[in-house]
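The values are calculated or read from the model by the stated rules, or taken from the named source; none is laboratory data. Remember, it's a predicted structure, so these values are computed and weren't measured experimentally. Cβ sites come from the backbone with ideal geometry, for glycine too, and all protein chains shown count toward neighbours.
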Amino acid sequence: MTSETHGRFKRWFWRPPRAHGEIIADRQVSVLELFYDLVYVAVIGQAAHHLATHVSVRGLAEFAVVFALIWIAWINGSLYLELHGREDGRTRSIVFVQMGILVLLAVFTADAAAGSGWGFAVVYAAYQVFQTGLWYSVWRQDRRDHPEFLAQTGGYVVGMGVSATVIGASAVLTAIPRLLVWAGLAVAWVVGIAVAARRSRAGLGLTPTDSLVERFGLFTIIVLGEVVIGVVDGLSVAERDAKTIVTGMLALSLGFGFWWIYFDLVGSRLPKANRVALTNGVMSHLPITLVVVLSQTIQFLSGLPVVLVGTGFDQVMPPLVERLVSTRLEPLLGMPSEEISQTLWRRS
């Protein structure tokens, strides 16, 4: 290997991250980023499957907490690539390592709120430790070239390290205390990012670009894909009569409506360059995507028949609806709740 070839190879794998301020205005989302986002299909799918089989107030709360952590992982990885990624071997290697960790995370996600919580905590902590190292390399570069970003990046590195420590330590807790710690951590992330963006002159260091809008749009499509999968799986296990098929199509139309609204009002527009407005636009995607995934459950609780993945509603009533039957319909109709339940499911 000649010295010139060795030099090119070294630059390809060991170049520092793209510095703050090196904005590529016409950058397009790379196929590597698309590949990275596909891993989240598996992670979110596991979380959604757990929700579909635990339709209750507690199940909804557990899903919201786990989904918030998944979204925080995605936003950290995506913003690093948006701000500091390059088309080189180092960035590819970094993304592949993250994908490997996320695959392991998906293994523990379905039962993260219960028996697999310790594994989810350990793997998630490993992911954040890796992210801490990436942002630390940015901090070192800022210390030399961009001191105006030093305080912001330093605070982010410290916050990431504290977050990794807290969620790693939660592995030794029992299910409910661990979930409360995760919920507090998710809230701390959202509040911390919002406060830091407002107090810092540099905001999040972001500049509105087409690639930034496209990344959030792609993640929203991933979440919308769970609606399609839920309808297909629900129709596959249910009795395929006209009413069930119509119900499935109604569920699918809800997903179409979310797509239409999002990409007409949000997904096709650049956010304002104002740091507060940009931060609000970024952080608003957490509740938006959470609501999309929850939509099918809300749909059932509103009275539509079952179209969720593997819910087994024809065999077991969800606790929330069972409580509704026993406290409202049983006194009204003068019938035992078991008889009411059987009648409702037989008719649906």
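Observations on the model:
- Being free of Cβ contacts under 8 Å to residues at least 40 places away in the same chain and either closer than 24 Å to Asn280 by Cα or in a helix (DSSP H, G or I) (or both) holds for only one residue in Gly192, Gly168, Gly155, and it is Gly192.
- Qualifying position, being in contact (Cβ under 8 Å) with a residue 40 or more places away in the chain and within 15 Å of the chain's Cα centre (by Cα), among Ser93, Ser78: Ser78
- Per-region count, segment 80-102, residues over 15 Å from Leu38 (Cα atoms) and either modelled with pLDDT of 95 or more or surrounded by 19 or more Cβ atoms within 10 Å (Cβ to Cβ) (or both): 8
- Of all the criteria given as (1) surrounded by 19 or more Cβ atoms within 10 Å (Cβ to Cβ); (2) outside any helix (DSSP H, G or I), the one not satisfied by Leu105 is (2).
- Ile261 modelled with pLDDT under 60, surrounded by fewer than 16 Cβ atoms within 10 Å (Cβ to Cβ), within 30 Å of Ala110 (Cα to Cα) and under 22 Å from the mean Cα position of the chain (by Cα): no
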